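The values are calculated or read from the model by the stated rules, or taken from the named source; none is laboratory data. In this text the structure is predicted, and so the values were computed from the model without any measurement. FYI the Cβ positions are ideal-geometry reconstructions off the backbone, even for glycines, and counts take in every protein chain you see. Calculation scope for accessible area: heavy atoms of the full protein, side chains included, ligands and nucleic acids excluded. Shrake-Rupley method; radii C 1.70, N 1.55, O 1.52, S 1.80 Å.
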Amino acid sequence: MTADIAAILAIDGIATGAVYALVAIGTVLIFTVTRVIFIPFGDIAAFTALTLAALDAKQLPGTVGLVVVLACMACAMEVVSLARAGELRAVPKAVLFYLVLPLIVVGTVWLTMRFTPPMPVRIVLALLLILPISPLLDRIVFRPIADASVLLLLTVSVALHFALVGLGLLFFGPEGVRTEPLTSMAMEIAGVHVSGQTVLILTAALVFSGLLFLFFDFTLIGKALRATALNRTGARLMGIRPARAGTIAYLLGSLMAGVSGILIAPVNTIFYDSGFLLGLKAFVGAIVGGMTSYPGAALGAFGVGLLESFASFQSSTLKDVIVFSLLIPVLLWRSLASQHSEEEVEE
């Protein structure tokens with residue numbers, strides 16, 4: 001391996017790691033607020049890429065049907081729950097959030113696709129379609145078992161992933177897709193060719209990480225999420241509703257997954273089940289941060305990207321084995337370094 005090859009592999013690994021970093025940070029965000037290890041995070045990213053590819057082909061994506069079905073189910077469950085609790089005054093607000101707003105998004109996409117929107121508009125439409133999916137899944141799947149153990153929540157999350165993979169095959173088919181490049185710019189740094197797509201990926205990762213930092217430190221909603229992550233019972237006593245905080249966390253997670261899918265789609269062929277490996281490799285990075293540290297998750301994700309890039313040069317068939325083998329020493333290190341305590345059960 002020459003220095004030039006090492007530099008090329010490093011740049012490719014950093015770009016891949018930037019995408020993993022967005023997914024890893026979103027995974028940590030959802031876990032700290034809701035205690036759910038959201039395995040379908042990578043599926044949401046893959047669905048975004050597939051949705052954008054369908055919009056590029058002037059087709060109505062299957063995500064439209066998914067959002068409509070999930071919205072109807074979530075709205076029905078929320079209305080029944082409010083009726084049983086005797087909180088009928090909150091029904092109009094629930095219908096607005098769980099049914100009307102998602103249907104407005106679907107209607108906007110349907111009307112816009114009757115014309116030929118430019119690429120920036122198609123990207124916005126794809127993100128708008130993806131945003132409601134995670135909060136709706138939270139209301140349908142995880143909210144009824146919110147006080148269950150982390151192990152049970154993980155088991156349900158894995159089952160939800162397989163369900164989404166099947167729906168992905170139904171909605172998008174088995175063919176892989178690539179979207180149009182977001183930029184054709186290219187530059188040369190220290191004699192190494194760097195594509196504009198790589199620069200865009202790194203810029204997006206840095207910008208979203210910075211915005212997330214500002215959101216948590218300087219906004220009331222961000223501080224509420226941090227309080228919920230630190231102590232759910234204490235946050236509830238201070239008037240913060242963990243369910244609402246979880247919904248916001250899922251919205252932010254959907255946004256980060258959507259951006260990840262849009263960034264990776266022009267450089268990788270995306271299939272209906274490509275999200276599993278994407279989410280799993282990001283999860284390895286999140287484990288490095290202990291599932292609690294955003295900087296640790298980002299650094300771990302960049303490390304996974306670099307390891308994958310150099311491993312693919314040595315053996316393309318064993319690169320995934322090498323990457324996932326990293327999880328074993330990391331788990332051992334975390335197990336020995338962390339303090340063990342019994343899981344708190346909330347009343």
**OP:** Being open to solvent by less than 60 Å² (accessible area, probe 1.4 Å), farther than 30 Å from residue 332 by Cβ and either modelled with pLDDT under 85 or small (Gly, Ala, Ser) (or both) narrows it down to one of 279, 258, so name that one.
**Re:** 258
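Any residue in the stretch 66-80 that is more than 30 Å from residue 37 (Cβ to Cβ) and of a type outside the set (Val, Ile, Thr)?
We begin by selecting, within the stretch 66-80, every residue more than 30 Å from residue 37 (Cβ to Cβ); these are none.
For the stretch 66-80, residues more than 30 Å from residue 37 (Cβ to Cβ) and of a type outside the set (Val, Ile, Thr): absent.
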**OP:** Look through 45, 54, 83, 71 and report the one residue that is closer than 23 Å to residue 165 by Cα, in a helix (DSSP H, G or I) and open to solvent by 10 Å² or more (accessible area, probe 1.4 Å).
**Re:** 54
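The rows are residues; the columns are (1) of a type in the set (Lys, Arg); (2) modelled with pLDDT of 85 or more; (3) within 19 Å of residue 137 (Cβ to Cβ); (4) touching a Leu at 6+ places or on another chain (Cβ under 8 Å).
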| residue | (1), (2), (3), (4) |
| --- | --- |
| 157 | no, yes, yes, no |
| 169 | no, yes, yes, no |
| 183 | no, no, no, yes |
| 188 | no, no, no, no |
| 194 | no, no, no, no |
| 238 | no, no, no, no |
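Which one of 32, 63, 16 is more than 25 Å from residue 199 (Cβ to Cβ), open to solvent by 20 Å² or more (accessible area, probe 1.4 Å), in contact (Cβ under 8 Å) with a residue 60 or more places away in the chain and within 23 Å of the chain's Cα centre (by Cα)?
Values: 63 fails: open to solvent by 20 Å² or more (accessible area, probe 1.4 Å); 16 fails: more than 25 Å from residue 199 (Cβ to Cβ).
Within the list 32, 63, 16, the selection yields 32.
Which of the following residues is in a helix (DSSP H, G or I), under 15 Å from residue 33 (Cα atoms) and open to solvent by less than 20 Å² (accessible area, probe 1.4 Å): 225, 263?
225
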Original post:
Under 7 Å by Cβ, and 6 or more places apart or on different chains, what pairs join a residue from the stretch 284-304 that is under 17 Å from residue 38 (Cβ atoms) with one that is among the polar types (S, T, N, Q) and surrounded by 22 or more Cβ atoms within 10 Å (Cβ to Cβ)?
Top reply: 286/27
